[in-house]
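The values are calculated or read from the model by the stated rules, or taken from the named source; none is laboratory data. Because the structure is predicted, anything quoted here is derived from the model rather than measured. Positions of Cβ are backbone-derived with ideal geometry, glycine not excepted, and every protein chain shown enters the neighbour counts. These accessible areas exclude ligands, DNA and RNA; they are computed on the full protein's heavy atoms, side chains included. Shrake-Rupley method; radii C 1.70, N 1.55, O 1.52, S 1.80 Å.
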Amino acid sequence: MSAWSLAFVPTLVRRERASLAATLLAPVMALVIATALNLGLYILMGRDPVAVVYAMLFEPFLSWASFSEVLLKAGPLLLIAQGLAIGFRAKVFNIGAEGQFILGAIFASAIPVWFPQATGQWIWPAMLLLGAIGGALWASLTAFWRVRLNANEILVSLMLSLVAAQLLNYLLLGPWKDPNGFNFPQSVMFQYDAMVPTLIAGTRVNVSFLITLAFSVAAWIFMQRSFIGYKLQVGGLAPRAAGYAGFREGWAIWLSLLIGGFAAGLAGAAEVAGPLGQLQRSVASGYGYAAIIVAYLGGLHPIGIVISGLVMAVIYIGGDNAMVSANLPIAAVRVFQGSLLLAYLIAVAFVRYRLEWRRAAHRSPS
């Protein structure tokens, strides 16, 4: 025989309306939780947690030279994240920004590699434009497979990033390899006119940072004040309602991926025409993946992304400092970034849902 018994089980119930204060507080709480968790990890590793936190979160602000590197690092993170967030809000998940970033760097490098003697102030703007086109073209492959063949854009874009990395290796180990580069996998050094002008004297911050800020403003106008941006958001929030209203899903997928690819390609072009000054394998430094964290940590809002981009840049530069002064391995820095995203997703879940204990009846043997 069996008998019925009652048990209480936890259930997430969606809130009718998320609190604005809780929404704004979520990324702050995520940063606090991630910092606390990683402090425990550093203690288990035998590192001085005070020294690590000081190097990672305070040293980047102690000198203008350090903070200028934060601004330099924030540029590509912000640019890529703003482009990705537009697609994410439309529920188009472009995870391949790293590959689009690499293709942007490759396309931009074609001018100084093929025309190393060219001069003129037209070169670096042409490189940025060509890089943005390259990133958009690479993203268009994902859009084609998603719209025409119904392939998952997450998998396609991610796999294309691996293809892009191999294409970069082929060029740097083959036709684009510098013959005078002592057999290093890198291109020739770019000429002066192929470099983006410096924005702040005495630092490596260049004009591309202004382009990033302009793109952030344009992203805000596009998503908050334009009808096209409104259609993308409606398509993401209520796809059936958007379909009844005549909004085409395929059009939204193409537009979202092309914008994301354009931004990532532009960031890749600015990287090779800015701090690197040549095409190297190190250009694939993970900006495309870190920008996903930046986009979500900023709540997929252009203003929030600016703040989260600066926070992530501080972690990058502070992590480099901690590796030197506190003997922290690079993997620990990446764990910090990943735990930050995880903590934010958990915090947002409790902003949008509340936990209730409900009775559930089940049969038990007697």
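The residues of region 44-78 that are aliphatic (A, V, I, L, M) and open to solvent by less than 10 Å² (accessible area, probe 1.4 Å), listed by number, are Val52, Ala55, Met56, Val70, Ala74, Leu77, Leu78.
For Ala110, indicate whether it is free of Cβ contacts under 8 Å to residues at least 24 places away in the same chain, open to solvent by less than 20 Å² (accessible area, probe 1.4 Å) and at negative phi.
On the way: free of Cβ contacts under 8 Å to residues at least 24 places away in the same chain: yes; open to solvent by less than 20 Å² (accessible area, probe 1.4 Å): yes; at negative phi: yes.
Answer is yes for this residue.
Take Ala219 and tell me if it is loosely packed, with under 15 Cβ neighbours inside 10 Å, among the hydrophobic types (A, V, I, L, M, F, W, C) and either without any contact (Cβ under 8 Å) to a residue 24 or more places away in the chain or in a helix (DSSP H, G or I) (or both). No, not satisfied.
Remark: Glu59 matches the filter, which requires a residue to be modelled with pLDDT of 90 or more, in a helix (DSSP H, G or I) and over 10 Å from the mean Cα position of the chain (by Cα). Scanning region 14-29 for residues that are surrounded by fewer than 15 Cβ atoms within 10 Å (Cβ to Cβ) and assigned to a helix (DSSP H, G or I) returns Leu20, Ala21, Leu24, Leu25, Val28.
Applying a threshold of 9 Å to beta carbon distances and a minimum spacing of six or more residues, or different chains, the list of pairs starting in region 294-312 at a residue that is more than 12 Å from Thr23 (Cα to Cα) and ending at one that is outside any helix (DSSP H, G or I) and open to solvent by 30 Å² or more (accessible area, probe 1.4 Å) reads Ile305/Gly299; Ser308/Gly299. Could you list all residues from region 144-176 that are surrounded by 16 or more Cβ atoms within 10 Å (Cβ to Cβ) and either over 22 Å from Glu98 (Cα atoms) or polar (S, T, N, Q) (or both)? Ser157, Ser161, listed by residue number.
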